[in-house]
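Q: Below is the structure I would like to discuss, written out as structure tokens.
The values are calculated or read from the model by the stated rules, or taken from the named source; none is laboratory data. All of these numbers come straight from a predicted model, not from anything done at the bench. All Cβ positions, glycine included, derive from the backbone under ideal geometry; neighbour counts span all protein chains shown.
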Ligand code: GLU
């Protein structure tokens, strides 16, 4: 049975890198009818942020990535607990075991001593590594220093090669000489990440370790721990490509939003975000880009994950958001945009009809809410550039003509409206556009929006006629307020 895990450290909110790792794990589990496990790696107390675990869980859920086992669930499996800090007894027992079997040793070197060692190596142009000074301490010597500050180091083979079999990158070879006897237990006898993760993956019977590329160089250390413990159930490794900014630098805050909740606040559709994350490193055999998580779960494979960096592009993400905006059921979009609506919508045209008309031009829910606003509130100010361009000395009079023409309509639908503008443009000897642009600006305060006839139809005759009149009066009285 496939068992995969997403193992975030609770040091902040859910960012795109973590979200993509979680997604790929989730899809792999679904594809193989396996289990997707959430394990919170709270080993490094100093970097932890309170509340972070809850934030991360909320982020995962908002993307539709529900886990099968995790710290928030009743733990009746034989695999828990799912917070690394709660597994300490086991980590300590195995550290004891390694000490007893002489696969690891106590190291009493002080941080000052280690700094001196490092400096000496650097002076000789050698890479910093632990000298092995405490490796040969006798049991009596160790016992005599029992009360002193110490760490536990693993004995690492000093020759040969270590091969990481990675499904995405093939075999990656590491020369064992680049590793030193690294620390597995800190002075307080708690495990470091590389030690805890190996034990937890083994105990939780993790079959596939799917994680970010930055962990590739940790993998040999985890293999050394396994070897020392005599374990041969090496999981299949898959190291996902880095997510890069368009300029190929490492993605960071300065490239804009990177946290799932920031995207949510920007009104990016989260189904689209999940879909976009899928494309950051993976592709369908037929090049299809738009697919839901459920669809992706049918065909996801690690073999199709690229090994070169995946370029993140906010514009592309917005494009995905737009695709979902225009293709999800109207009722769904109407529900999603509701929290972004900052005005009353209980009077005026049908809410869903307005959503339906406006969504064609919206990339985010924030934009959609903004574009819907004029349906419920007459403009108080008018786009300054539009006014400069479309409002002339003749406009007030033209608006009166438009109002007269529309007042006489027996049917108020887009067809009838279009014909009315055709008649009027002929009667006045002006192009239709010369009537359309000022009408839009008068009725909505804006220069862009849904098709004019559709929006007039939806707004209704009484409202349209009243807005035309108000705008004409504002122009005449010089009370027209513009806004950049
Ligand atoms: N806690 C590690 C991280 O957040 C997990 C690494 C792993 O998946 O092994 O990067």
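Q: Among all residue pairs at least 6 apart or on different chains, which show Cβ distances below 8 Å where the first residue, located in region 205-224, is more than 19 Å from residue 8 (Cβ to Cβ) and the second is at pLDDT 95 or above and within 11 Å of the ligand (Cβ to nearest atom)?
A: Sorted first by the residue in region 205-224, then by its partner, the pairs are 207/4; 207/235; 221/194.
Q: In this structure, does residue 446 turn out to be at pLDDT 95 or above and in contact with a helix residue (DSSP H, G or I) (Cβ under 6 Å, 6 or more places away or on another chain)?
A: Criteria not met by residue 446.
Q: What about residue 206, is it modelled with pLDDT of 95 or more, within 16 Å of the ligand (Cβ to nearest atom) and crowded, with 22+ Cβ neighbours inside 10 Å?
A: yes
Q: Against the definition (touching a residue at least 12 places away in the same chain (Cβ under 8 Å), in contact with a strand residue (DSSP E or B) (Cβ under 9 Å, 6 or more places away or on another chain) and either outside any helix (DSSP H, G or I) or exposed (fewer than 15 other Cβ atoms within 10 Å of the Cβ) (or both)), how does residue 109 come out, yes or no?
A: Yes.
Q: Would you be able to tell me the number of residues in region 182-203 that are away from the ligand (no atom under 12 Å from the Cβ), part of a loop (DSSP other than H, G, I, E, B) and closer than 19 Å to residue 231 by Cβ?
A: Going through region 182-203 one residue at a time, the tally reaches 1.
Q: All but one of (1) surrounded by 14 or more Cβ atoms within 10 Å (Cβ to Cβ); (2) within 15 Å of the ligand (Cβ to nearest atom) hold for residue 103, so report the exception by its number.
A: Evaluating residue 103 over (1) surrounded by 14 or more Cβ atoms within 10 Å (Cβ to Cβ); (2) within 15 Å of the ligand (Cβ to nearest atom) leaves (2) as the failure.
Q: From the list 13, 46, exactly one residue is outside any loop (DSSP other than H, G, I, E, B), within 16 Å of the ligand (Cβ to nearest atom) and either within 25 Å of residue 258 (Cα to Cα) or at pLDDT 95 or above (or both). Which is it? Quick ask: steps written out before the conclusion?
A: Numbers: 13 fails: outside any loop (DSSP other than H, G, I, E, B).
Answer to the check: 46.
Q: In region 16-43, what residues are crowded, with 24+ Cβ neighbours inside 10 Å and more than 13 Å from the ligand (Cβ to nearest atom)?
A: 23, 26, 27, 29
Q: Among the numbered conditions (1) surrounded by fewer than 18 Cβ atoms within 10 Å (Cβ to Cβ); (2) in a loop (DSSP other than H, G, I, E, B); (3) within 14 Å of the ligand (Cβ to nearest atom), tell me where residue 217 comes up short.
A: Checking residue 217 against (1) surrounded by fewer than 18 Cβ atoms within 10 Å (Cβ to Cβ); (2) in a loop (DSSP other than H, G, I, E, B); (3) within 14 Å of the ligand (Cβ to nearest atom), the one that fails is (2).
Q: Out of all the residues in region 238-268, which are on the phi > 0 side of the Ramachandran plot and either buried (at least 17 other Cβ atoms within 10 Å of the Cβ) or in contact with a strand residue (DSSP E or B) (Cβ under 8 Å, 6 or more places away or on another chain) (or both)? Break it down into steps so the answer makes sense when it comes.
A: First pass over region 238-268, keeping only residues on the phi > 0 side of the Ramachandran plot: 248, 256, 267.
Result: 248, 267.
Q: Given the conditions (1) within 14 Å of the ligand (Cβ to nearest atom); (2) at pLDDT below 95, and given that residue 7 satisfies all but one, which numbered condition is not satisfied?
A: (2)
Q: Let me ask something additional. In the set 183, 192, which member is out of contact with any helix residue (DSSP H, G or I) (no Cβ under 9 Å at 6 or more places or on another chain) and in contact (Cβ under 8 Å) with a residue 40 or more places away in the chain?
A: Among 183, 192, only 192 is out of contact with any helix residue (DSSP H, G or I) (no Cβ under 9 Å at 6 or more places or on another chain) and in contact (Cβ under 8 Å) with a residue 40 or more places away in the chain.
Q: Another question about this same structure. Name the single residue that is farthest from the chain's Cα centre (by Cα) among those in region 112-139 being surrounded by 11 or more Cβ atoms within 10 Å (Cβ to Cβ) and part of a loop (DSSP other than H, G, I, E, B).
A: The selected residue is 137.
Q: Take the residues in region 220-233 that are over 15 Å from residue 91 (Cα atoms) and assigned to a helix (DSSP H, G or I); name whichever of them is nearest to the ligand (Cβ to nearest atom).
A: Filtering first and then ranking leaves 221.
Q: Which pairs turn up if I take residues in region 10-34 that are within 16 Å of residue 63 (Cα to Cα) and look for partners that are within 11 Å of the ligand (Cβ to nearest atom) and assigned to a helix (DSSP H, G or I) with beta carbon separation below 8 Å, at least 6 apart in sequence or on another chain?
A: If the second residue must be within 11 Å of the ligand (Cβ to nearest atom) and assigned to a helix (DSSP H, G or I), the pairs left are 13/56; 14/22; 14/56; 18/56.
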